[in-house]
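Step one of this worksheet: look at the structure below.
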Amino acid sequence: MEERRRANRRELESKLVVKRLDGGESKDAEIKIVDLSKSGIGFSCSELLEFGSVYEAYLRIWTQEVIHAFLEIVRIEKRQDEYYYGAVFIGMPEMDASRIEVYDTVESMKQGE
């Protein structure tokens, strides 16, 4: 399968609170981030989120800073009792995207990539 990602993906153990923005039901959901890049995020969650919907998220990164972000769900996969989601960041400020890119650079150097 051809790799379509534009940026490297890294795992980051973190949790978010996700709230739907487009007028649907607003409820908090705890998620586990399984990959992260400056353009998007992959995460697992026991809650069913809607494809194409936009959610508000608060991402706690490795420096313990919180990045406020908006996510559009672009992929959903059911795995046993959890759902795996792919989402792209919408309107993320360049400074926040740069924080994620710095993390990727540091991790690449550690792994000798």
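The 3J(HN,Hα) values that the Karplus relation (6.51, -1.76, 1.60; θ = phi - 60°) gives for the range 72-85 are, in residue order, 10, 6, 10, 8, 9, 9, 8, 10, 6, 9, 10, 10, 10, 10 Hz. Gly and Pro appear as x.
How high is the FRET efficiency from Glu50 to Val102, r the C-beta distance, R0 25 Å, rounded to 0.05?
0.20
For the range 50-97, the C-alpha radius of gyration sits at 1.29 times the compact-globule guess of 2.2 N^0.38 Å, with N the residue count.
Throughout, read-outs are computed from the coordinates displayed, never taken from laboratory work. Worth saying up front: this structure is predicted, and the values here are computed from it rather than measured. In this analysis, Cβ positions are derived from the backbone assuming ideal geometry, glycine residues included, and neighbour counts consider all displayed protein chains.
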